[in-house]
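Enquirer: Below you'll find the structure I mean.
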Amino acid sequence: MGVVACLGLVLVPAAARATTYCVGLERPGCEVRASAAEAFADATADGDRIELGAVTATSALTSDRAITVVGAGEDVTQLRGGLTLSSSRSALIGASVQGLELTGSASGVVVDGPAVLHGSAALRSATIRGSGGVDAADGTPSLETVLLDLTGGPGLRVGCGTTLHARHVTLIGRPDAAVTTLCASSVARVRDSILWGAPATGFAGPGTVVTDHSDYRSVAGRAPGLGDRDVEPGFAPGSARLAPGSPLIDAGSPDALADTEWPEDRAGLARIADGNGDGAAVRDLGAYELAPPAVPLPADNLLGDPGAEDGDAWTMGGSFARERYGTFPFPSAAAGAALGAGAAFFAGGPGDAGSANQAVDVTRVAPEIDLDKATATLSGLLGGYRTDADNGVMRVVFVDPAGDPLDEAVLGTPAPAERANATTLLPRSRTVPVPPLARSVDVTLLASRATGTYSDAYFDNVALTVAAPGAPAPRRPAKPFAGLRVLTAKATVDRKGRVPLRLACPDRTVGDCAGAITLVAALERGVKRGRVGVAKVVVAAGDVRRARVQLTRAARRAVRDRRRIRMTTYVAVRDRQGLTRTSGVPVLVKRRVARGR
């Protein structure tokens, strides 16, 4: 990721004498003050920072300096006497305020009473309650991802010569009007919003109201062409969130998330998501984004520690890292919960490249694999950060009994355009055939950096499952099983191009020795060995029987030309208990010599 300047945080260059003051908490490097009023009185330098814990302040707090005020959360830090921040470089984060006058920025806040905005003030991820509404007093202030739950008052009020930019606003309750313009020079530009109060949610005043991809209740006499729709939003009962099936889901502006936009909805979920499940990530209207249903981990996942929660299953290399949801600037804890992804995830980390690897044994279904009846599904939550093009893949390599690779498959992280430039993880999956003779699967998560200083390829809930129709479910066996023995060391190809092999099933076997027998050989010197014949076998317990393995045309030709070829016989069989045993033995295969020669 590159320099972060999109989350509404004002990063104030710290002066040499900048100080951090703490109220209601203690930490190294922070000067403790007895009250919020005392901290505000002492924070007189640009760059000063005030950190507030479980504090309830009843006096009015004001500052004209470029300070940052950080609360412990909307439900924890209570500023009941009101707050005025009159510097354009001031910031408020994570608190509840009884009346707010703002010239800088505020995010993660609840305002009871009026929120008065000056200049280029930015109010993001906020809730405004009561009858005060929002007063855009002057300049070009902005609202983004704001819920207004009003019991009266003007709703959005725009002063003379002021242009208010509002995006992803949900207005509910009983305001006097949705938007009130005080002068002909007042302009309100509203996008991707829901203005839905009762009884009257119209536009009052002589100014201009421009809406785009918004929904609001129509009012008699309003100017034509304002807004796009007049439909019931379909809120969830007792909530300002859209319920599944709402016509306003994925109904917002089709453009992807811009670098300057607030990246989350009011609940901390990714701003743009595929809420209606049509395969395309498009923004919803209003302050909330409907997240798609969580995709649970497959019950038969073969991977250990699929969600970066447990620790030791993966061998990690390079800069590969475990990160936690809710740690800036990664997806929020609410996003992790909505994904069903736990508290942590994997990321490429602070370097050029990183990886995590583990190997999975699949010999339990070797008979089905060798008979071309098995498939493997790669799946996981894969994602990235904003517009970063950092690349990640989940790669699986199928490995044969000799430890050599047979084939591979990859599942890649979604490109920024697929995520609509949102910082999020999306469910991805791919199903591929398991090549015959695969006995293990090497699984690697790979991440590489394209921009910035951090490799933002994200992985969570990664899974590898193998489907083998007919294979029994694992269970605890009652008796041991030694497997099928190959008694033939030399074999002559018969007239039909088959290799006869004598096979023995131990007499204490439960049921039969049933499965597959495969011949592997290098048909030319210097050429990689490959499968040259396969046959399904069933040998009863205590029996010795002859099985004939049909050679491929190329193998028959090679035996005829070379007279004899050393092959390996790979056996994969299962008893009636469900125990699978595999083995490999050499056999010398000779051509048939015609009589009379």
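The values are calculated or read from the model by the stated rules, or taken from the named source; none is laboratory data. Computed from a predicted model, the values in this text were never measured in an experiment. Cβ: placed from backbone, ideal geometry, glycine included. Neighbour counts: every protein chain shown.
Enquirer: Against the definition (surrounded by 15 or more Cβ atoms within 10 Å (Cβ to Cβ), of a type in the set (S, T, N, Q), in a loop (DSSP other than H, G, I, E, B) and under 51 Å from the mean Cα position of the chain (by Cα)), how does residue 518 come out, yes or no?
Expert: On the way: surrounded by 15 or more Cβ atoms within 10 Å (Cβ to Cβ): yes; of a type in the set (S, T, N, Q): yes; in a loop (DSSP other than H, G, I, E, B): no; under 51 Å from the mean Cα position of the chain (by Cα): yes.
Spelling it out, it is not the case that residue 518 is surrounded by 15 or more Cβ atoms within 10 Å (Cβ to Cβ), of a type in the set (S, T, N, Q), in a loop (DSSP other than H, G, I, E, B) and under 51 Å from the mean Cα position of the chain (by Cα).
For (1) at pLDDT below 95; (2) farther than 30 Å from residue 332 by Cα; (3) not assigned by TED's automatic domain parsing to the domain that holds residue 521, each residue gets a yes or a no:
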{"position": "374", "(1), (2), (3)": "no, yes, yes"}
{"position": "378", "(1), (2), (3)": "no, no, yes"}
{"position": "393", "(1), (2), (3)": "no, no, yes"}
{"position": "410", "(1), (2), (3)": "no, no, yes"}
{"position": "437", "(1), (2), (3)": "no, yes, yes"}
{"position": "474", "(1), (2), (3)": "yes, yes, yes"}
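Enquirer: A follow-up question, please. Can you tell me how many residues in the range 422-442 are assigned to a strand (DSSP E or B), surrounded by fewer than 22 Cβ atoms within 10 Å (Cβ to Cβ) and touching a residue at least 60 places away in the same chain (Cβ under 8 Å)?
Expert: Of the range 422-442, the ones assigned to a strand (DSSP E or B) are 424-433, 440-442.
Keeping just the survivors that are surrounded by fewer than 22 Cβ atoms within 10 Å (Cβ to Cβ) gives 427-433, 440, 442.
Keeping just the survivors that are touching a residue at least 60 places away in the same chain (Cβ under 8 Å) gives 427, 433, 440, 442.
Adding up the residues that qualify gives 4.
Enquirer: Can you pull out the residues in the range 76-128 that are on the phi > 0 side of the Ramachandran plot, assigned to a strand (DSSP E or B) and not hydroxyl-bearing (Ser, Thr, Tyr)?
Expert: Of the residues in the range 76-128, the ones on the phi > 0 side of the Ramachandran plot are 82, 94, 99, 108, 113, 119, 125.
Next, from what is left, pick out any that are assigned to a strand (DSSP E or B): 94, 108, 125.
Matches in the range 76-128: 94, 108.
Enquirer: Going through 192, 112, 149, 135 one at a time, which residue ends up being acidic (Asp, Glu) and over 29 Å from residue 57 (Cβ atoms)? Walk me through how you get there before you give the answer.
Expert: Numbers: 112 fails: over 29 Å from residue 57 (Cβ atoms); 149 fails: over 29 Å from residue 57 (Cβ atoms); 135 fails: over 29 Å from residue 57 (Cβ atoms).
Selected residue: 192, the only one of 192, 112, 149, 135 that is acidic (Asp, Glu) and over 29 Å from residue 57 (Cβ atoms).
Enquirer: Return the residues of the range 238-275 that are within 19 Å of residue 216 (Cα to Cα), of a type in the set (Gly, Ala, Ser) and touching a Leu at 6+ places or on another chain (Cβ under 7 Å); say none if nothing qualifies.
Expert: Across the range 238-275, the qualifying residues are 240, 251, 252.
Enquirer: Collect the residues in the range 120-151 that are of a type in the set (Gly, Ala, Ser) and modelled with pLDDT under 95, keeping them in residue-number order. Let's see the steps before the verdict.
Expert: Of the residues in the range 120-151, the ones of a type in the set (Gly, Ala, Ser) are 120-122, 125-126, 130-133, 136-137, 139, 142.
Within the range 120-151, 130, 131, 132, 133 meet the criteria.
Enquirer: Still on this structure: Looking at the range 496-505, can you tell me whether even one residue there is in a loop (DSSP other than H, G, I, E, B), under 18 Å from residue 579 (Cβ atoms) and in contact (Cβ under 8 Å) with a residue 12 or more places away in the chain?
Expert: Yes, the range 496-505 has at least one match.
Enquirer: Before we move on, is residue 44 at pLDDT 95 or above, part of a strand (DSSP E or B) and not charged (D, E, K, R)?
Expert: Values: at pLDDT 95 or above: yes; part of a strand (DSSP E or B): no; not charged (D, E, K, R): yes.
So residue 44 does not fit the description; no.
Enquirer: Sort out which residues of the range 193-221 are modelled with pLDDT under 75 and among the polar types (S, T, N, Q), and write them in order of number. Let's see the steps before the verdict.
Expert: Kept after step one, since they are modelled with pLDDT under 75, are these residues of the range 193-221: 197-201, 216-221.
Within the range 193-221, 201, 218 qualify.
Enquirer: Is there a residue in the range 320-337 that is among the aromatic types (Phe, Trp, Tyr), within 30 Å of residue 438 (Cα to Cα) and crowded, with 17+ Cβ neighbours inside 10 Å? Can you show your working first?
Expert: Within the range 320-337, the first condition is being among the aromatic types (Phe, Trp, Tyr), and the residues that meet it are 320, 325, 328, 330.
Okay, now just the ones that are also within 30 Å of residue 438 (Cα to Cα), so 320.
Right, trim to crowded, with 17+ Cβ neighbours inside 10 Å and you get 320.
For the range 320-337, residues among the aromatic types (Phe, Trp, Tyr), within 30 Å of residue 438 (Cα to Cα) and crowded, with 17+ Cβ neighbours inside 10 Å: present.
Enquirer: Can you find, within the range 25-66, the residue that is farthest from residue 109 (Cα to Cα) among those that are touching a residue at least 40 places away in the same chain (Cβ under 8 Å) and not small (Gly, Ala, Ser)? So that I can check it myself, show each step before the final result.
Expert: Going residue by residue through the range 25-66, those that are touching a residue at least 40 places away in the same chain (Cβ under 8 Å) are 25, 36, 46, 52, 66.
If we keep only those that are not small (Gly, Ala, Ser) too, we end up with 25, 46, 52.
Details: 25: 20, 46: 22, 52: 13 Å.
Going through the qualifying residues, I end up with 46.
Enquirer: Continuing with this model, one more query. Residue 73: outside the structural domain of residue 328 (by TED's automatic domain parsing), touching a residue at least 12 places away in the same chain (Cβ under 8 Å) and either basic (Lys, Arg) or assigned to a strand (DSSP E or B) (or both), yes or no?
Expert: On the way: outside the structural domain of residue 328 (by TED's automatic domain parsing): yes; touching a residue at least 12 places away in the same chain (Cβ under 8 Å): yes; either basic (Lys, Arg) or assigned to a strand (DSSP E or B) (or both): no.
So residue 73 fails the test.
Enquirer: In this structure, does residue 457 turn out to be under 30 Å from residue 292 (Cα atoms), in contact with a Lys or Arg (Cβ under 7 Å, 6 or more places away or on another chain), crowded, with 22+ Cβ neighbours inside 10 Å and small (Gly, Ala, Ser)? It would help to see each step written out before you state the result.
Expert: Working: under 30 Å from residue 292 (Cα atoms): yes; in contact with a Lys or Arg (Cβ under 7 Å, 6 or more places away or on another chain): no; crowded, with 22+ Cβ neighbours inside 10 Å: yes; small (Gly, Ala, Ser): yes.
Spelling it out, it is not the case that residue 457 is under 30 Å from residue 292 (Cα atoms), in contact with a Lys or Arg (Cβ under 7 Å, 6 or more places away or on another chain), crowded, with 22+ Cβ neighbours inside 10 Å and small (Gly, Ala, Ser).
Enquirer: Out of curiosity, is residue 547 of a type in the set (Gly, Ala, Ser), over 45 Å from the mean Cα position of the chain (by Cα) and part of a strand (DSSP E or B)?
Expert: Numbers: of a type in the set (Gly, Ala, Ser): yes; over 45 Å from the mean Cα position of the chain (by Cα): yes; part of a strand (DSSP E or B): yes.
In short, yes.
Enquirer: Next up: Tell me, which strands (runs of 3 or more DSSP E) lie completely within the range 129-193 with 3 or more residues that are over 35 Å from the mean Cα position of the chain (by Cα), crowded, with 23+ Cβ neighbours inside 10 Å and not small (Gly, Ala, Ser)? Walk me through it before giving the result.
Expert: Working: elements: 134-136, 142-150, 156-158, 163-173, 179-181, 187-191.
By residue number, 156-158, 179-181.
Enquirer: What's the total number of residues in the range 286-308 that are more than 20 Å from residue 423 (Cβ to Cβ), surrounded by 14 or more Cβ atoms within 10 Å (Cβ to Cβ) and either under 17 Å from the mean Cα position of the chain (by Cα) or at pLDDT below 95 (or both)?
Expert: Residues that pass the stated criteria total 4.
Enquirer: Taking the condition more than 46 Å from the chain's Cα centre (by Cα), surrounded by fewer than 22 Cβ atoms within 10 Å (Cβ to Cβ) and assigned to a helix (DSSP H, G or I), does residue 566 pass? Steps first, answer last, please.
Expert: Numbers: more than 46 Å from the chain's Cα centre (by Cα): yes; surrounded by fewer than 22 Cβ atoms within 10 Å (Cβ to Cβ): yes; assigned to a helix (DSSP H, G or I): no.
In short, no.
Yes or no, residue by residue, for (1) buried (at least 18 other Cβ atoms within 10 Å of the Cβ); (2) within 35 Å of the chain's Cα centre (by Cα); (3) within 30 Å of residue 197 (Cα to Cα); (4) not hydrophobic (A, V, I, L, M, F, W, C):
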site: 28; (1), (2), (3), (4): no, yes, no, yes
site: 44; (1), (2), (3), (4): no, no, no, yes
site: 52; (1), (2), (3), (4): yes, yes, no, no
site: 66; (1), (2), (3), (4): yes, no, no, no
site: 100; (1), (2), (3), (4): yes, no, yes, no
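Enquirer: Here is a list: 10, 3. Which entry is part of a loop (DSSP other than H, G, I, E, B), at pLDDT below 95 and either touching a Cys at 6+ places or on another chain (Cβ under 7 Å) or under 17 Å from residue 101 (Cα atoms) (or both)? Let's see the steps before the verdict.
Expert: Details: 3 fails: either touching a Cys at 6+ places or on another chain (Cβ under 7 Å) or under 17 Å from residue 101 (Cα atoms) (or both).
Exactly one of 10, 3 is part of a loop (DSSP other than H, G, I, E, B), at pLDDT below 95 and either touching a Cys at 6+ places or on another chain (Cβ under 7 Å) or under 17 Å from residue 101 (Cα atoms) (or both), namely 10.
Enquirer: Which residues, taken from the range 253-276, are in contact with an Asp or Glu (Cβ under 6 Å, 6 or more places away or on another chain) and within 27 Å of residue 328 (Cα to Cα)?
Expert: 253, 262, 265, 269, 271, 273, 275 - these are the residues of the range 253-276 that are in contact with an Asp or Glu (Cβ under 6 Å, 6 or more places away or on another chain) and within 27 Å of residue 328 (Cα to Cα).
Enquirer: Oh, and also: Restricting to the range 395-404, give me the number of residues that are in a strand (DSSP E or B) and within 17 Å of residue 374 (Cα to Cα). So that I can check it myself, show each step before the final result.
Expert: Going residue by residue through the range 395-404, those that are in a strand (DSSP E or B) are 395-399.
Cutting the leftovers down to within 17 Å of residue 374 (Cα to Cα) gives us 396-399.
Total satisfying the criteria: 4.
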